[in-house]
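**Q** One structure, pasted below without further comment.
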Amino acid sequence: MTLRASLWRDLVNPNLSLGGRVELCCELAREFENKGEYGEAREVLSGLWPRIDQRPKLTGLEESTAAEVLLRVGVLTGWIGDSHQITNAQEKAKDLISESLTIFESRRHKKKIAEAQTELALCYWRTGEYNEAAHLLKLAVAQLPGDSELKAKVMLRSAIVEQHTGRLNEALTLLTNQAPLFEKINNETLKGCYRQTLADVLENLWTLGGHADYLDRSLVEYAAASYHFEQAGHKSYLANVENNLGFLLYKVNHCEEAHKHLDTARRIFMGLKDRYAAAQVDETRARVFLKEKRNADAEKVARSSVRILENSDRLSLLAEALTTHGTALARLEQYVTALAAFRRALDLSQQTGSLNRAGDIALTAFQELGDRLTVVEGARPLSGLKFSEQLRSLEHDLIKHALEANQGSITYAAQSLGMSYQTLTYMLKTRHEDLLKERSPMRRRQRKR
């Protein structure tokens, strides 16, 4: 008999106390969480928590049981809020988990303190507050002297924070050092998350020019992650891995294989009724179509992705989809519409404060539109401006962002834009003189005596 079946059987025991029944509901909800079945987990707690925007009912519960309910409801609020893009869900989740943490601290329950800190760190990570997340994870691991599933989760999330702050080598070292811990645990979902995170880090290092074997290792780790998620029955995580595999295979020009993995990912996400995740898969597929020079197919799929993501709060994903759509439009010689897509992508990057993303958009826009100016000089204008004026305006913004992202260094700004130092200097002096003030002061070379 599975643990889930055993818990359901125990719940129908008429002799259970209120507290005992609530504790069993929390344990069963955790089982559903572990498989990514957050709706089912919430349903288990519906007697205490009828609506996701309501505070759970804690009347008549002992303090420790109330703390467990607050923790589970907080965790589920974070997960459901993230997948459904519910406004302020992460802040509500933080409040609920923090309340449970206060109770656990008053009772000096080290394991529960660490669990609450770990889940609270995840909420901070989702809102981009990486320093706060890292601090909480350090506090959590200090509460856990021995090896355990909880310690594995803490170390995994610590590596994810390192990865998202650009400390890829540190993340790889941490994951490598913790390999024995993940070999010991029996949680298939955690094992799969470990393998996927390791694959993500290896892929990123390879993309940045790391060792060639990083690519092969990444493919192996993704395959291992898929196996563990299948064993765990975690469908959404399995779909994420399939999408990542499709993206990696696209990078190495294995387009036919990439489509197969993307088909699997999209089928799973649609089965889970996750339209936004399916739209992310569509954006990946549009890139594959572009590589295959199937530009019309790429435009159609990217346009669909943009349309769906426009109804979400996932601005960074929307910026990526717009960039891909702009590229497809440019290759179909629809330059004016392409320019509008690139402009929107740049504006979204400004909103999210993603200067690195703005640099990528800059490079793509220059590559796709930079040499088209004379071809489309007479194109129908948008917003009363000729295409040449619009392109010049976009060029201005892209250079400005590149200089800001590189602390005024013309050398590094030029590299991020995919051009030479001399070309960028010429553009500044002849077309964008107002940006000369953005450059860092030139260092005078000392004369040799």
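**Q** List every DSSP H helix in the chain whose Cα atoms extend 30 Å or more along the helix's own long axis and whose mean Kyte-Doolittle hydropathy is at least 0.0.
**A** 63-84
**Q** OK, next. From the convex hull of the Cα coordinates of the stretch 1-145, what is the mean projected area in square nanometres?
**A** 9.1 nm²
**Q** What's the ranking of 192-199, 181-188 by average number of surrounding C-beta atoms within 10 Å, highest first?
**A** Averaged packing, sorted descending, gives the order 192-199, 181-188.
**Q** So how much slack lies between Glu310 and Cys255, counting 0.36 nm per residue of separation and subtracting their Cα-Cα distance, in nm?
**A** 17.1 nm
**Q** Pairs Lys251/Lys300; Lys153/Lys235; Lys94/Lys153; Lys291/Lys437: which exceed 29 Å Cα-Cα?
**A** Exceeds cut-off: Lys291/Lys437.
**Q** Something else about it: State the three equivalent ellipsoid semi-axes of the chain, derived from the C-alpha gyration tensor as the square roots of 5 times its eigenvalues, in descending order and whole Å.
**A** With the √(5λ) rule applied to the chain, the semi-axes are 46, 25, 22 Å.
Just so you know, all these numbers are worked out from the coordinates, no wet-lab data involved. If you're wondering where the values come from, they're calculated on a predicted model, not measured in any experiment. A quick note on method: Cβ atoms are made from the backbone with ideal geometry, for glycine too, and the neighbour counts reach across all protein chains shown.
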